[in-house]
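The values are calculated or read from the model by the stated rules, or taken from the named source; none is laboratory data. Everything quoted here is computed from the prediction, not taken from an experiment. Because the Cβ atoms are built from the backbone with ideal geometry, glycine has one as well, and the counts that use them run over all protein chains shown.
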Amino acid sequence: EEQAQTLETQRDELERTGAAIALKARELEQASQYKSDFLANMSHELRTPLNSLLILSKLLSDNPDGNLSTDQVKFAQTIASSGNDLLTLINDILDLSKIEAGHIEIRPETLTLQRLTSDLRQLFQPVADERKLAFEIQVAEGCPAAIETDRQRLEQVLKNLLSNAFKFTEKGGVTLTIAPDGLGGLSLAVKDTGIGISREQQESVFEAFRQADGTISRRYGGTGLGLSISRELARLLGGIITLESRPGEGSTFKVTIPLAYDPTGVAPREPSLRAP
Ligand code: ADP
């Protein structure tokens, strides 16, 4: 009799605790949703005025009437380039908050490797030329002519990896190699001959706002958001990004994605995305 009574009390207590935890979880979820919505709205509000600032400073720096002094043109160019940096940061924060809120929609389409490589060639050949670096694109044997994926998002990931590769490389160059991954997927590897990343830093560079080395990053600029966005986008495409690197020799960031997007194959989000 007494034992039954104790058991009963214990069960009641457990139930109460369970309900309290569920309530707390809902509150936390709600707070996190407010935060994401706030960030998304803020970014939109910031982009509108910034866009007119960018357009007008560009117009000024072109000096169409030729009546600005050399200094004035330089100032207008500085406004335009600082504005561009700010726009990149805002876009990154917007992307990250959309990912956090689960608001990124994957729109699969047929993407030929021909289209993908020519898009990237067009974007990065000028960067390679300017930095006097080599830029190679290799499509291995056995690759399909086309895949089914979100072209914009895949290109966003590769653009991030390629611009990092050029940013952190002083001599040699960058190679993009596309190949079957041997498990029915496609791997796209961005290899550079740059400064490399130490073993201890290799995991943390994927965390939001993390840069391998404060002094190096300050020298190279950037927000520390690109890789965490890239890793999340790769995951949303049903794939992963891996990193192999040796300081002083270079880095290889490899994206592996399925040949056809399958929403049921998307892995859950890693908690490490969350900023501390
Ligand atoms: P950002 O480039 O804006 O700083 P990322 O998230 O793209 O942010 O990269 C995070 C950090 O990882 C960089 O600051 C840099 O320290 C390191 N990193 C990324 N790509 C490379 C690379 N190809 N070679 C060397 N270091 C890299």
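Just a few scattered comments:
- Considering each residue of the stretch 104-126 in turn, none proves to be under 30 Å from MET42 (Cβ atoms), in a helix (DSSP H, G or I) and β-branched (Val, Ile, Thr).
- Restricting attention to the stretch 102-118, the residues that are charged (D, E, K, R) and surrounded by 16 or more Cβ atoms within 10 Å (Cβ to Cβ) total 0.
- The stretch 178-208 - residue that is among the polar types (S, T, N, Q) and within 12 Å of the ligand (Cβ to nearest atom) and, of those, surrounded by the most Cβ atoms within 10 Å (Cβ to Cβ): THR193
- Meets criteria (within 16 Å of the ligand (Cβ to nearest atom), acidic (Asp, Glu) and crowded, with 16+ Cβ neighbours inside 10 Å) for ASP85: no
- Selection count where residues are in contact (Cβ under 8 Å) with a residue 60 or more places away in the chain, in a loop (DSSP other than H, G, I, E, B) and surrounded by fewer than 17 Cβ atoms within 10 Å (Cβ to Cβ), scope the stretch 134-177: 2
- Being under 15 Å from the mean Cα position of the chain (by Cα), modelled with pLDDT of 95 or more and near the ligand (Cβ under 8 Å from one of its atoms) is not true of SER245.
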